[in-house]
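Some notes on the structure that comes next.
The values are calculated or read from the model by the stated rules, or taken from the named source; none is laboratory data. No experiment lies behind these values; they were computed from the predicted model shown. So basically every Cβ, Gly included, is an ideal-geometry build from the backbone, and we count neighbours across all protein chains shown.
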Amino acid sequence: MEDNKIIHTHRPDLNEKVFFFGCGVTISVPLTLFIYQYTDVLLIGLDPFIIALFARVIFAPFIEEFAKVYPLFYRHGETERAIFNLSLIVGLGFGIVELFTYIFVLEVPLIYRIPGIFFHPASTAITGYGIAKKRPIPYYLIAVMLHLANNFISLTNSNPLLGSVLVVSGCVFVAWWLRKDTKEVMVS
């Protein structure tokens with residue numbers, strides 16, 4: 001006897017999209033800050049440039065890229081396109097909180113933080129694509145490397161905005177290119 005089951009694909013509605021935006025704000029950001037408090041302890045006593053290099057260029061990309069996609073791992077019955085789109089939304093939530101933190105707490109000029117509003121959704125979508133295709137590690141590492149390049153440029157370049165725009169543009173292009181490969185087929 002054959003057991004034929006019909007499984008319907010799930011399309012996230014507005015409430016779920018708001019939920020995932022909120023995850024970027026309330027789960028991804030606190031998880032990142034929680035992990036940072038432990039990585040900072042590892043760097044006590046080092047030269048300030050070395051601390052910045054490790055904290056911003058090495059640790060931050062690995063921590064932030066994981067924290068942003070963490071809410072997506074429990075999804076089931078979603079299409080590839082839905083997972084990709086939800087990852088954009090989570091990344092946007094994270095990016096907006098980071099923008100406000102840098103501007104209002106750290107007093108960084110807005111112009112330097114605008115690229116992050118595009119970067120975080122795009123890099124999260126790259127990893128989201130990997131989740132949708134059941135290959136998260138290679139795409140997570142692509143997102144991490146783009147993040148690492150962006151942070152390295154911002155730390156070492158005399159004109160960090162120009163370098164950041166180039167890396168962010170590349171990241172957005174990769175995400176856009178990968179989105180074209182997602183389909184309205186359920187991820188099993």
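May I ask you to list pairs of residues, at least six apart or on different chains, whose Cβ atoms are under 7 Å apart, with the first in the range 100-115 being under 17 Å from HIS147 (Cβ atoms) and the second being among the polar types (S, T, N, Q) and in a helix (DSSP H, G or I)?
PRO115/SER164
With the checklist (1) in contact (Cβ under 8 Å) with a residue 24 or more places away in the chain; (2) of a type outside the set (Asp, Glu); (3) assigned to a helix (DSSP H, G or I); (4) in contact with a Ser or Thr (Cβ under 9 Å, 6 or more places away or on another chain) in hand, flag the one item ILE153 doesn't pass.
(1)
Which residues, taken from the range 39-79, are modelled with pLDDT under 90, in a helix (DSSP H, G or I) and under 25 Å from MET186 (Cβ atoms)?
Of everything in the range 39-79, those that are modelled with pLDDT under 90, in a helix (DSSP H, G or I) and under 25 Å from MET186 (Cβ atoms) turn out to be TYR70, PRO71, LEU72, PHE73, TYR74.
Consider LEU162 carefully, then state whether it is within 25 Å of LEU53 (Cα to Cα) and in contact with a Lys or Arg (Cβ under 8 Å, 6 or more places away or on another chain).
Here the answer is no, as LEU162 does not meet what is asked.
Within the range 74-90, does at least one residue satisfy the condition of being without any contact (Cβ under 8 Å) to a residue 60 or more places away in the chain, surrounded by 21 or more Cβ atoms within 10 Å (Cβ to Cβ), more than 12 Å from the chain's Cα centre (by Cα) and on the phi < 0 side of the Ramachandran plot?
no
Taking the condition of a type outside the set (Phe, Trp, Tyr) and either closer than 29 Å to LEU178 by Cα or surrounded by 13 or more Cβ atoms within 10 Å (Cβ to Cβ) (or both), does ILE50 pass?
No.
Looking at the range 103-142, which of its residues are outside any helix (DSSP H, G or I) and either among the hydrophobic types (A, V, I, L, M, F, W, C) or surrounded by fewer than 13 Cβ atoms within 10 Å (Cβ to Cβ) (or both)?
LEU106, GLU107, VAL108, PRO109, LYS134, ARG135, listed by residue number.
Within the range 1-37, how many residues turn out to be modelled with pLDDT of 75 or more, assigned to a helix (DSSP H, G or I) and surrounded by fewer than 13 Cβ atoms within 10 Å (Cβ to Cβ)?
Adding up the residues that qualify gives 5.
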